[in-house]
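One structure is given below, encoded as structure tokens.
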Protein chains: 2
Amino acid sequence: MERIKRVGIIGVGLLGSSLGLALKRFTEVTEVLGYDKDNQHIETALEIGAIDNELSIEEGENSNSKENKMLKKLDLVVLATPVGVISKLVQDIQEQLKSGVIITDVGSTKRKVINKIKGQLREDIIYIPGHPMTGSEISGPKGADAYLFENAIYVLTPLQDGNGKFNLLVELLEKIGAKLLFMSPKKHDQIVAAASHLPHIMACTLVDAVGKVAQEDERVFSLTAGGFRDTTRIASGDPIMWTDVCLSNSNFIREMISLFKDRLAEFDSLLADADSQGLYNKFNRIQSLREEIPKKKRGLISPVHEAVINISDHPNAIGEVTSSLGKAGINIVDIGILRVREEGGALRLVFSTAEELEEAKNILIKKGYKLQTK
Amino acid sequence: MERIKRVGIIGVGLLGSSLGLALKRFTEVTEVLGYDKDNQHIETALEIGAIDNELSIEEGENSNSKENKMLKKLDLVVLATPVGVISKLVQDIQEQLKSGVIITDVGSTKRKVINKIKGQLREDIIYIPGHPMTGSEISGPKGADAYLFENAIYVLTPLQDGNGKFNLLVELLEKIGAKLLFMSPKKHDQIVAAASHLPHIMACTLVDAVGKVAQEDERVFSLTAGGFRDTTRIASGDPIMWTDVCLSNSNFIREMISLFKDRLAEFDSLLADADSQGLYNKFNRIQSLREEIPKKKRGLISPVHEAVINISDHPNAIGEVTSSLGKAGINIVDIGILRVREEGGALRLVFSTAEELEEAKNILIKKGYKLQTK
């Protein structure tokens, strides 16, 4: 049976390096080569073992043969670069690749790149566009993590079956823990415009508008509750990447902006009319709609087994809670403080099973904690 | 010296009950009485010791005297009810109150209530409108917490000095840990329209618009990253409260919606023109603007001493990290997982001093953790 053994990763930033680590830990890939414009990235990727060797993407230097032996032996090439440079890279390297090689990318939008590549691509190369929905707060290979793809939604927008090559990539990605979704490039771009690009632009516009008022009176920022920081966290994304993403998906994004404007106009006219019942209905409907978000995810992500614990009266509660549960062998999947203050607050714990939640509840109640579960 | 000794709290939900607990723990208040339409709230408030006794707000039943002795002896009345019922309550109880009593409220908007009360208020009552910027994920007296006001911004919009009575309230609130800000009712309403009401309406509109697309294709919610849940968390607020808030501040909210629409139109035209440089400049400016939010808060809230720890390769890392730091006497002020997965991820820890951060760093590096600090 054919297998993917040699992989070249072009761009060893966060995604590329994490993929290298994951492939080496969880799959039968025997060699990972990496290329990056940034030498520091290559050094870090080598150091952490995300790649085995540096990959050259130039033509061979031997005057008798322009062959690049490194590129020639690859079974899979992963383009983990910004969307804007993908098609140029394919053009640059495809002559050096062997017949039947798979190329995939991790670009945030799909149609524009695919349209550029189509027609230019060598017929014996199988190009499978991809988009892993994962990331980290730490950028670059320093943030690399073999578990980055574990339970992450990973969209593939296959163009052709490629004689079973498609399945080879699917199996590889499943081994690193990805949850695969297949859809057309157009559907992908339409969905991410709603799910990712609109939220980003709205968070940015909110910072823009509130910042305008804050310039006139800086107490505005003092009075923003914790909610504002949450609401606008995504507005801190990389400006270069977001410019790239917006330009490669502008028609669907503009459709979403237009839909958003219509819905906002409804709010505005309810306010103008002081329509109490209308406002209540709208807030109520939206509240229910939002409650559906985790529920709809259940097919893909485990249901939430959650406890909220009042820790106001317990000094060093975080340590006490986590170590008691650790001793009992209960794994905490997620943890967070719901209200940040010097002392006390509420601690939110998430477990992967109802049984663990129940056990945790018993342990914590015995220790005198007040808690709510759901 | 005059002191506030007897306090009546009308509405013993989360804020009212927390205030009762805080007054009894941190101040020289000798008696806290509580009233609520909901008997269950009264029972819980009594049980947790947030109030000493139930307060009646009816006229006295003695046919010789309509005097309500409970109301008569109060030095301070706190109206911890929704904005919509405050002026009616003042009208109902003011005849029963003693001369020189202070009344304060915790309403989210100020002008509308104040305009209703003005002109109706007995001249020997000192009314000091307030707005504590605090809350909890757990609503009702069940979520009550003596530390709810600790380090919380608490706005007062005083109408008159009231012969030093104003200072009595200020001292009391400082004792429960509140950080006081004084401003005019108009300025308050203008600032909260930007800092709180606009973000809420935008989060709601985002859920509304994205939800519309999700109804057509439920994969939309699968593809929303964690960011979307953060961005829209505040959209789960109580519809009744938000209807109330919006109607009591609609003109400033509509001004903010108009400003938001202008800024959004800029985005839309940059997209229509495929203006790469313009988009980059806008994203870049907004990113810097957002970075200012915590910095501007420094006067009021301590600077952030933060460590981000890679916990991918450490099973039971949360317990290990928190208990090692606990043993060393290092207090974790905030904790959270930055990327949620079954295994691993990054853990964010916040400490209150640079020294604690440094010490924590040394301990964790010795234990083999990789971490970044800031």
What nm distances, shortest first, do you get from the label point of residue B:187 to those in the other copies when the point sits 7 angstrom along Cα to Cβ?
5.6
Using only the C-alpha atoms of the range B:158-287, find the volume of their convex hull and express it per residue in Å³.
179 Å³
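What relative contact order, as a whole-number percentage, does the range B:187-298 give when Cα pairs under 8 Å and 6 or more residues apart are counted?
Over the range B:187-298, the number comes to 31 percent.
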Give me the net charge of residue A:362's neighbourhood, meaning all other residues with Cβ under 15 Å from the Cβ of residue A:362; Lys, Arg count +1, Asp, Glu -1.
+1
Unit charges on C-beta of K, R, D, E only; dipole of chain A, Debye:
860 debye
Pick out, from A:240, A:57, A:181, the residue whose Cα sits farthest towards the positive end of the charge dipole of chain A, with +1 on the Cβ of Lys and Arg and -1 on the Cβ of Asp and Glu.
A:181
Residue-ordered couplings for the range B:170-182, obtained by feeding phi - 60° into the Karplus form 6.51 cos²θ - 1.76 cosθ + 1.60 and rounding to whole Hz (Gly and Pro as x), are 4, 4, 4, 5, 5, 5, 8, x, 6, 9, 7, 10, 10
For a quick check of understanding: with a 1.4 angstrom probe and all protein chains in place, what accessible area in square angstrom does residue B:81 have, to the nearest ten?
20 Å²
By accessible area (1.4 Å), largest first, A:122, B:254 order as B:254, A:122
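Show me the trypsin sites (Lys or Arg not before Pro) within the range B:15-51 that DSSP assigns to loop and that have at most 15 other Cβ atoms within 10 Å of their Cβ.
B:37
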Beta bridge orientation in the protein assembly as shown: antiparallel %, DSSP, nearest 5:
45 percent
Charge dipole (the range B:6-183, unit charges on Cβ, about Cα centre) - positive-most of B:91, B:158, B:11:
B:158
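What dipole magnitude, in Debye to the nearest 20, does the protein assembly as shown give about its Cα centre under +1 on Lys/Arg Cβ and -1 on Asp/Glu Cβ?
Here the size comes out at about 340 debye.
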Inter-chain shielding of A:214-221 (mean C-beta neighbours from other protein chains, 10 Å cut-off):
6
So how far, in whole Å, is the C-alpha centre of the range A:125-176 from the one of the range A:1-40?
11 Å
For the range A:187-267, give the magnitude of the charge dipole about the Cα centre (Cβ charges: +1 Lys/Arg, -1 Asp/Glu; no others), in debye to the nearest 20.
140 debye
Of all DSSP beta bridges located in the range B:6-183, what percent are antiparallel, nearest 5?
10 percent
Inter-chain Cβ neighbour average for residues A:138-144, partner chain, 10 Å
3
Largest-first ordering by accessible area, 1.4 Å probe, given options B:305, B:197:
B:305, B:197
For all pairs of alpha-carbon atoms in the range A:7-48, what percent lies in each bin of width 10 Å, listed from the first bin to the last filled one?
32, 59, 9
Please list A:217, B:52 from largest to smallest accessible area, probe radius 1.4 Å, with all protein chains kept in place.
B:52, A:217
Which residue, chosen from B:194, A:360, A:278, occupies the Cα position most advanced towards the positive end of the dipole of the protein assembly as shown, where the dipole is computed from +1 (Lys, Arg) and -1 (Asp, Glu) charges on Cβ about the Cα centre?
A:278
Vicinal HN-Hα couplings computed from phi for the range B:185-196 (Karplus, 6.51 cos²θ - 1.76 cosθ + 1.60; Hz; Gly/Pro x)
x, 5, 4, 3, 5, 5, 5, 5, 4, 7, 7, 10
Report the Cα-based extents of the range B:90-156 along its three principal axes, largest first, to the nearest Å.
37, 24, 19
Average Cα contact separation per residue, chain B, under 8 Å, 6 or more apart, as relative contact order %
12 percent
What ³J(HN,Hα) values, in whole Hz, does the Karplus curve 6.51 cos²θ - 1.76 cosθ + 1.60 give for the range A:232-246 when θ = phi - 60°, with x put for Gly and Pro?
10, 3, 5, 5, 8, x, 4, x, 5, 4, 6, 4, 4, 4, 4
Counting only DSSP loop positions in the range A:29-133, the GluC sites (Glu not before Pro) whose Cβ has at most 14 other Cβ atoms within 10 Å are A:58, A:61, A:67, A:123
Give me the percent of DSSP beta bridges within chain B that run antiparallel, rounded to the nearest 5.
45 percent
The range A:1-60 - accessible surface per residue (Å², probe 1.4 Å)
47 Å²
More than 19 Å apart: what percent of Cα pairs in the range B:91-208 qualify?
55 percent
Between the range A:200-265 and the range A:71-87, what is the separation of their alpha carbon centroids in Å?
32 Å
So for the range B:97-160, averaging the separation of alpha carbon pairs under 8 Å that are six or more residues apart and normalising by length, what relative contact order in percent results?
37 percent
For chain B, what are Rg and Dmax over the alpha carbons, in angstrom?
24.6, 81
When each copy gets a label point 7 Å from Cα toward the beta-carbon at residue A:39, what are the spacings between them in nm, shortest first?
8.0
Label-to-label distances across copies for residue B:3, with labels 7 Å out along Cα→Cβ, in nm, shortest first?
7.9
Highest-fluctuation residue, A:162, A:326, A:49 considered, GNM on chain A with Cα pairs under 10 Å:
A:326
Quantify, in whole percent, the carbon and sulfur part of the accessible surface of the range B:187-298 (1.4 Å probe; protein heavy atoms only).
45 percent
Convex hull of the range B:6-183 built on C-alpha atoms - directionally averaged projected area, nm²:
9.6 nm²
Could you work out how far helix A:198-216 tilts from the main Cα principal axis of chain A, as a 0 to 90 degree angle to the nearest 10?
60 degrees
Too long at a 30 Å Cα-Cα cut-off: which of A:282/B:175; A:37/A:72; B:5/B:110; A:24/B:212; A:69/B:370; A:5/A:118?
A:282/B:175; A:24/B:212; A:69/B:370
Within 10 Å of each Cβ in peptide A:146-159, how many partner chain Cβ atoms are there on average? Round it to a whole number, please.
3
At q = 0.09, 0.11 Å⁻¹, the log10 of I(q)/I(0) for the protein assembly as shown from a Debye sum over equal Cα scatterers comes to -0.88, -1.24
Please report the accessible area of residue B:118 (heavy atoms, 1.4 Å probe, ligands and nucleic acids excluded) in Å², nearest 10.
130 Å²
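If you wrap the range A:233-277's Cα atoms in a convex hull and average its projection over all directions, what's the area in nm²?
Details: hull surface 18.3 nm².
Computing the convex hull of the Cα atoms and averaging its projections yields 4.6 nm².
The values are calculated or read from the model by the stated rules, or taken from the named source; none is laboratory data. Quick caveat, the model's predicted, so the values are computed rather than measured. All Cβ positions, glycine included, derive from the backbone under ideal geometry; neighbour counts span all protein chains shown. To get the accessible areas, we keep the full protein, side chains included, count just its heavy atoms, and leave off ligands, DNA and RNA. Shrake-Rupley method; radii C 1.70, N 1.55, O 1.52, S 1.80 Å.
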